[in-house]
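The values are calculated or read from the model by the stated rules, or taken from the named source; none is laboratory data. Small disclaimer: the values here were computed from a predicted structure and weren't measured. Cβ placement follows ideal geometry from the backbone for every residue including glycine, while neighbour counts extend to all protein chains displayed.
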Amino acid sequence: MSLPTDDHWDIEISAQSTPFRLGLKDVWQYRDLLWLLVRRDFVSFYKQTIFGPIWFFVQPVITLLIYVLVFNNLAQIGTDATPPALFYLAGIVIWNYFSDCLSKTSTVFKDNASILGKVYFPRLIMPLSIILSNLVRFGIQFLLFIILLIVYTLKGASIAPNLYILLFPFLLFLIAAQGLGLGMIISSVTTKYRDLAFVVTFGIPLLMYTTTVIYPLSTAIVKHPALSLFIKFNPITAVLETFRYGFTGKGYMSWQLLGYSSFITMIILLAGIIIFNKVEKSFIDTI
């Protein structure tokens, strides 16, 4: 019996010819699956909880109280003439989004091995769904920041929001891209070297101290000039400082530093996608 020679297939699944193929067209074709995964991540977070999404407020509020007590009251670390609660909450909101994106994306292969090994879909959808689902949590915490900003404005605090607020969507993209890129690099490497997962667990909290979450960059420049160079060239620092400057009028705004952060972010993101595409072909054999 001879096989037909004129069959026309709807889709052909084959290995990618090059890791430099981003596959964004495939992601768009599977956008329904992307939104389904986003909904799954969000629902599973507060399923069988009494207060539901209210828990998104609990963590930043408790963290804020600890920061004000320890770093502002006990350690006497200044906040650039910004109300301490507003200063710390700005850092907490931005940092939480970055750390959530990084930590969850860095285990995407391990956490979804059972699904990835059974059915085809663009693997890039998994880390992208994490980035988008974390936006819900970020949005709730950002709303808390806006409420606090309005309260201090009505109380006559020295706050001067300015046109740099318009950079907010771009800043959010930079933070998401940094978390996505680094997370995909780490998840790709950990398919072979599981030790890196332990490094990430305690490394992310330590990384926070190399950014300006709990202290202003101006303080680091004055008191520790040598260390301030290291802090300034952390790509997260420029995003955080620009965010604070736009919403409060206080901070260290530098177009050169923001341009540097954007350049490094694009390198990290492209490297993450390339490495992720290369590893996804054979990760199921090593996971």
Inset, instruction - From (1) part of a helix (DSSP H, G or I); (2) over 14 Å from the mean Cα position of the chain (by Cα); (3) under 30 Å from K278 (Cβ atoms), pick out the condition that doesn't hold for T191. - result: (1)
Legend entry - Residue in the stretch 179-187 that is modelled with pLDDT of 85 or more and of a type in the set (V, I, T) present: yes
Inset, instruction - Kindly list, by first and then second residue, each pair from a residue in the stretch 54-79 that is within 16 Å of I146 (Cα to Cα) and among the aliphatic types (A, V, I, L, M) to a residue that is at pLDDT 85 or above and in a helix (DSSP H, G or I), limited to pairs with Cβ atoms under 8 Å and residues at least 6 apart or on different chains. - result: V61/L144; L64/A85; L64/Y88; L64/L89; L64/I92
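Does T211 meet the test of being hydroxyl-bearing (S, T, Y), touching a residue at least 60 places away in the same chain (Cβ under 8 Å) and within 26 Å of A238 (Cβ to Cβ)? Write out each step before concluding.
Details: hydroxyl-bearing (S, T, Y): yes; touching a residue at least 60 places away in the same chain (Cβ under 8 Å): yes; within 26 Å of A238 (Cβ to Cβ): yes.
Yes: the conditions hold for T211.
Quick grid of which residues meet (1) modelled with pLDDT of 90 or more; (2) under 26 Å from P205 (Cα atoms):
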site	(1), (2)
L33	no, no
L36	no, no
T49	no, no
W55	no, yes
F87	yes, yes
W95	yes, yes
F98	yes, yes
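If the requirement is being small (G, A, S) and over 18 Å from F87 (Cβ atoms), which of these qualifies: A226, A238? Walk me through how you get there before you give the answer.
Values: A238 fails: over 18 Å from F87 (Cβ atoms).
Just one listed residue meets the conditions, A226.
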Legend entry - Failed item in (1) surrounded by 13 or more Cβ atoms within 10 Å (Cβ to Cβ); (2) within 18 Å of W95 (Cα to Cα); (3) of a type outside the set (V, I, T), with P205 passing the rest: (1)
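With the condition kept exactly as written, say whether any residue in the stretch 226-249 is among the aliphatic types (A, V, I, L, M), under 18 Å from F170 (Cβ atoms) and without any contact (Cβ under 8 Å) to a residue 60 or more places away in the chain. So that I can check it myself, show each step before the final result.
First pass over the stretch 226-249, keeping only residues among the aliphatic types (A, V, I, L, M): 226-227, 229, 231, 236, 238-240.
Restricting the remaining residues to those that are under 18 Å from F170 (Cβ atoms) gives 236, 238-240.
From the residues that got through so far, the ones that are without any contact (Cβ under 8 Å) to a residue 60 or more places away in the chain too are 238.
Within the stretch 226-249, one or more residues are among the aliphatic types (A, V, I, L, M), under 18 Å from F170 (Cβ atoms) and without any contact (Cβ under 8 Å) to a residue 60 or more places away in the chain.
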